[in-house]
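Beneath this line is the structure, given in structure tokens, with notes to follow.
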Amino acid sequence: MGEVKGFLKTARKTAQYRPVCERVKDYSEVSVFPSAGHSKEQASRCMDCGTPFCHWACPIGNYIPEWNDLVFGGHWEKAFMLLDATNNFPEITGRICPAPCEYACVLGINDDPVTVRENELAIIEYAFKHGLIKPHIPKKRTGKKIALVGSGPAGLACADQLNQAGHNVVVFEKDDRIGGILRYGIPDFKLEKNILDRRSKILGKEGIKFITSVNVGADLPAQKLLKYFDVVCLATGSRVPRDLKIEGRELSGIHFAMDYLIQSNRKVLGEKIPFEKIINAKDKKVVVIGGGDTGSDCVGTAHRQGAKCVIQIELLAQPSSLRTEDFPWPRYPLILKTSTSHEEGGERRWSILTKKFVGENGWLKKLVCVKVDATCKEIPGTEFEIAADLVILALGFLHPEKKGLIVELGPELDARGNVKTDINFMTSVPKIFSCGDTHRGQSLVVWAILEGRRAAYCIDEYLMGKSSLPLL
Ligand SMILES: Cc1cc2nc3c(=O)[nH]c(=O)nc-3n(C[C@H](O)[C@H](O)[C@H](O)COP(=O)(O)OP(=O)(O)OC[C@H]3O[C@@H](n4cnc5c(N)ncnc54)[C@H](O)[C@@H]3O)c2cc1C
Ligand code: SF4
């Protein structure tokens, strides 16, 4: 365990964020990397509580109490080896995982939980800094060929595992760079893209081949992949956005969140966006519809673009700031979460239904809204207007894009429109597997990594009759 009674001596202290006035002027990461001393001190708070619920709550089953103990003792290399055993990309989860582990920390029952996510980040960054992460090239190749379609965290985790098992893995990606939503979606102020480049270089040196700017099912017939490869795995994400089909939806100035975020990430990368396609919040009254994490990323982006004001509205009621009986410990609770983007300004409002968009000369001018009760029923007489020049729709995602790849290959879909698989991640079409958001619906990076790892185990077993890859 960490220090005996460390939790009684040391209070939880999270890493600092850069001052708001400074960080809204750029797209660099908002958090300040904690010192080794800070991480050791925080790791000392882990109680080694016998039945570690943090480990249970972490989808990939990270050995949290064990590595906390090693960090406290200064055994960083051993801590890294343990972390590396369960997580392909701790430098990503260590930055952007919502940390269900911390909500299940036993110390959190009557005190503040251990800073698990930050300790994870400290370990992996120590490993990078001290040269512990070197390309690990498999000694033997099996001769089996696997095509991974999609280079988000699910596709990359699956490719990494299968490559380490000795298979020849080719990742096809329709974007010009790999990473999926990590690359084009999640803003740089949460995850700088050099973090992805650092990892993808290692994966490339280890033998994974990346083919970018190829939309399988459009630029390249999927049937060709089936002919050439022993297995095809679909890890194409779940990107079809939920729309708000109300009066005025056709007005200029209303955009889907991903169109806005992807363009912003491309601009940060230095790309020139054609004038007629630019979505910019500068000097605009911005309304983000949808109170979730994607909406919060839009709020942070709008602040950085110099919006005049930003309002984020949500249909559901404001959640409690504390756990309620519906979400007892150790469950991941539905509580009010305030992101770093929210801390940067703007206004948040709940229980609001947007009834119509109103414009002038084809351009959006305002929203007509109404207050709703806890059952989302309109409250008579509560109609009001919000002035807006730019609306971002962040209402979640329905299912994967079907046109092209999925239509061509024809795997069975589940009731929600995601690709259905058996317990071994194989779709209804032999040789075709699926993992990540394509299979489970829009989720979290840590779940995508888990699905990628599990699918890799099943693919390896399918090809070789048995697998020595870890099942988790
Ligand atoms: C704005 C936003 C912010 C988020 N923030 C967080 C966060 O802070 N923390 C967190 O844990 N999760 C977050 N998530 C969720 C998380 O990003 C996803 O759950 C995760 O990226 C899913 O991984 P994936 O590999 O399944 O799919 P994706 O990341 O969507 O990757 C799929 C890839 O497949 C490619 N592709 C699709 N079709 C084809 C084709 N036909 N041919 C070739 N390539 C194709 C796509 O271009 C894409 O690169 C966020 C999601 C969004 C939208
Ligand atoms: S991956 Fe997420 S849930 Fe798992 S230990 Fe890291 S922060 Fe916690």
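The values are calculated or read from the model by the stated rules, or taken from the named source; none is laboratory data. Since the structure is predicted, the reported quantities are computational estimates derived from the model, not experimental observations. Virtual Cβ from ideal backbone geometry, glycine too; neighbours counted across all protein chains shown. Heads up: the accessible areas ignore ligands, DNA and RNA and are worked out on the full protein's heavy atoms, side chains in. Shrake-Rupley method; radii C 1.70, N 1.55, O 1.52, S 1.80 Å.
Listed values, structure above:
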| read-out | value |
| --- | --- |
| Surface per residue (accessible, 1.4 Å probe) for the chain, Å² | 46 Å² |
| Sequence of His38, His167 when ordered by accessible area, the most exposed leading, probe 1.4 angstrom | His38, His167 |
| Per-residue [θ]222 nm for the chain (sum of -39500 (n - 2.57) over DSSP H runs n ≥ 4, rounded to 500) | -9000 deg cm²/dmol |
| Pairs from Lys308/Lys337; Lys245/Lys403; Lys144/Lys224; Lys277/Lys402; Lys145/Lys224; Lys144/Lys209 whose Cα-Cα separation, in the structure shown, is over 19 Å | Lys308/Lys337; Lys245/Lys403; Lys277/Lys402 |
| Other-chain or far-sequence residues with amide H under 5 Å of Cys233's (modelled H) | Ala147, Leu148, Val149, Phe433 |
| Part-to-part distance (alpha-carbon centres) for the range 441-472 and the range 172-251, which is given in Å | 18 Å |
| Three-way shape label, the range 137-213, alpha-carbon gyration tensor, a/c 1.5 | prolate |
| Cα gyration tensor, the chain - rounded (a/c under 1.5), prolate or oblate | oblate |
| Efficiency of FRET between Thr375 and Asp176 - r from beta-carbon atoms, R0 56 angstrom, step 0.05 | 0.75 |
| Three-way shape call for the range 281-399 based on the alpha-carbon gyration tensor, with the a/c threshold at 1.5 | oblate |
| Exposure of Lys365 as accessible area (Å², to 10), given a probe of 1.4 Å and all protein chains | 90 Å² |
| Mean Kyte hydropathy of -1.0 or more with a Cα span along the axis of at least 27 Å, helices from DSSP in the chain | 445-464 |
| Rel. contact order, % - alpha carbon contacts under 8 angstrom, at least six apart, the range 350-472 | 14 percent |
| Percent carbon-and-sulfur accessible area, the chain, ignoring ligands, DNA and RNA, probe 1.4 Å | 54 percent |
| Between the range 277-316 and the range 117-154, the alpha-carbon center distance in angstrom | 35 Å |
